[in-house]
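Take a look at the structure set out below.
The values are calculated or read from the model by the stated rules, or taken from the named source; none is laboratory data. Please read these numbers as outputs of a predicted model, since none were measured by experiment. Heads up, the Cβs are rebuilt from the backbone with ideal geometry, glycines too, and the neighbour counts pull from every protein chain shown.
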């Protein structure tokens with residue numbers, strides 16, 4: 001066979017292979033598209049926190065004929081039959097201060113004492129919790145949600161009603177009430 005014929009066949013084959021390869025790889029690039037990476041973002045908010053700044057205090061009273069002693073969310077104390085005493089600590093509503101991300105809403109869960117227990121015995125008085133967000137003197141109901149202001153703060157006020165028996169034993173009655181807050 002003639003070497004020039006063999007060279008021409010080899011050259012044509014190499015040229016054809018190059019065209020096929022260029023077409024396969026070059027063509028795919030001509031159909032490619034590219035997008036600019038999206039701008040990604042994240043916002044870290046202030047964790048919600050709660051602190052107690054005042055305790056719920058019912059003050060001193062005698063059982064009388066039995067009944068109820070109520071401390072409203074503004075600290076005002078009333079009674080249906082027990083005899084209130086003005087000696088000792090003044091009645092006061094508890095105050096919890098909430099801080100967190102400004103203008104955020106949150107839920108409130110109340111747990112703890114459903115009764116106050118006599119420190120020296122096992123005798124109790126039933127406690128019904130009362131709460132609001134304004135210290136408006138509320139005497140019924142419980143706040144279950146709130147909204148932090150533009151500074152990321154709000155206070156919750158806790159009062160309550162004690163059921164006092166006619167023969168309620170004297171002594172110091174105690175119990176813990178816990179307020180838990182969580183962003184909505």
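Okay, here's what the table says:
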item	result
Residue check, residue 178 in contact with a strand residue (DSSP E or B) (Cβ under 7 Å, 6 or more places away or on another chain), surrounded by 13 or more Cβ atoms within 10 Å (Cβ to Cβ) and under 26 Å from residue 60 (Cβ atoms)	no
Odd one out for residue 118, checked against (1) modelled with pLDDT under 95; (2) over 25 Å from residue 180 (Cβ atoms); (3) in contact with a strand residue (DSSP E or B) (Cβ under 9 Å, 6 or more places away or on another chain)	(1)
Check on residue 105, over 26 Å from the mean Cα position of the chain (by Cα) and either surrounded by 15 or more Cβ atoms within 10 Å (Cβ to Cβ) or in contact (Cβ under 8 Å) with a residue 40 or more places away in the chain (or both)	no
Among (1) in contact with a strand residue (DSSP E or B) (Cβ under 8 Å, 6 or more places away or on another chain); (2) on the phi > 0 side of the Ramachandran plot, the one test that residue 159 misses	(2)
Residue in the range 135-143 that is at pLDDT 95 or above, in contact with a strand residue (DSSP E or B) (Cβ under 7 Å, 6 or more places away or on another chain), outside any strand (DSSP E or B) and over 21 Å from residue 54 (Cα atoms) present	no
Some residue of the range 86-97 being on the phi > 0 side of the Ramachandran plot and modelled with pLDDT under 95	yes
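Each row is one residue, and each column tells you yes or no for (1) modelled with pLDDT under 95; (2) surrounded by fewer than 13 Cβ atoms within 10 Å (Cβ to Cβ); (3) not in a helix (DSSP H, G or I).
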{"site": "29", "(1), (2), (3)": "yes, yes, no"}
{"site": "34", "(1), (2), (3)": "yes, yes, yes"}
{"site": "38", "(1), (2), (3)": "yes, yes, yes"}
{"site": "47", "(1), (2), (3)": "no, yes, yes"}
{"site": "70", "(1), (2), (3)": "no, no, yes"}
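Yes or no, residue by residue, for (1) within 24 Å of residue 60 (Cβ to Cβ); (2) buried (at least 19 other Cβ atoms within 10 Å of the Cβ):
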site	(1), (2)
96	no, yes
116	yes, yes
135	yes, no
139	yes, no
144	no, no
152	no, no
158	yes, yes
170	yes, no
174	yes, no
